[in-house]
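Please read the structure below before turning to the comments.
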Amino acid sequence: MTNSENASRNTLGIPPWFNLTRQSLGLFPLSIVQLGMRIGVGMVFFKAGLLKYQSFEFAVKLFEDEYRVPFLAPAVAARMAMINELTTSTFLFLGLATRLTTLPLLGMISVIQIFVYPAAWPDHLLWGSILVFLLTRGPGSLSVDYLIDRYFIKRP
C-alpha cells in the first residue's frame, strides 16, 4: 500500500484497526470454509436419506400423499431419493467427485422447489448456492479430490 492510499483511507475516516481486521480475516483458509459447506449441506441430505432408509414404508406413503412427484411411482421415487441422498452426501463428506456430486443434488433441489415445496425457497436457495460454489470452485484442499489431483493427475 502506498502513502497516497494510506492518506486517502485516513481522510475517509476508516480506522486502521478496521483495515487490519479485514486483512486478517482474508487470511482464513478457504478450504476450511469449503469443508464446512460440504458437511453442512451433506448432513441435510444424509439425514433425509437415513430417515427414508429407516422407515421406507413411511417414505413411500409421503411420496404418495404429500410429495406427489410427477412421472414416477411413489416407491420408485422414494428409493431413488434415498439412494441419491445417501450416496451424494457421503461423497460430499469425503470430497470425492465433488463437482459431479453437486449435479444430482441441484436437480433434486429443483424438483423439490418446483413440485413439492415451492414456499421453501429460502432453504433451497441456501443449499443451491453452496452447491453452485462447490461446483464452480471445487471441494478445497481438505478433500479426496485434492489428494487425487495432487498425487495422481498433476505428477510430472
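The values are calculated or read from the model by the stated rules, or taken from the named source; none is laboratory data. Note that the coordinates shown come from a computational prediction; the quantities given were computed from them, not determined experimentally. Ideal geometry is used to build each Cβ from the backbone, glycine not excepted, and the neighbour counts take in all protein chains shown. Side chains included, ligands, DNA and RNA excluded: accessible areas come from the protein's heavy atoms. Shrake-Rupley method; radii C 1.70, N 1.55, O 1.52, S 1.80 Å.
In table form, for the structure just shown:
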{"item": "Unique residue being at pLDDT 90 or above, closer than 19 Å to Ser89 by Cβ, in contact with a Leu (Cβ under 8 Å, 6 or more places away or on another chain) and aliphatic (A, V, I, L, M) when the list is Leu35, Leu51", "result": "Leu35"}
{"item": "In region 70-98, residue least open to solvent (accessible area, probe 1.4 Å) [restricted to those that are aliphatic (A, V, I, L, M) and outside any helix (DSSP H, G or I)]", "result": "Ala97"}
{"item": "Some residue of region 23-35 being within 20 Å of Gly107 (Cβ to Cβ) and assigned to a helix (DSSP H, G or I)", "result": "no"}
{"item": "Search result, residues across region 99-127 that are open to solvent by less than 50 Å² (accessible area, probe 1.4 Å) and under 18 Å from Gly49 (Cα atoms)", "result": "Thr101, Thr102, Leu105, Leu106, Gly107, Met108, Ile109, Ile112, Gln113, Val116, His124"}
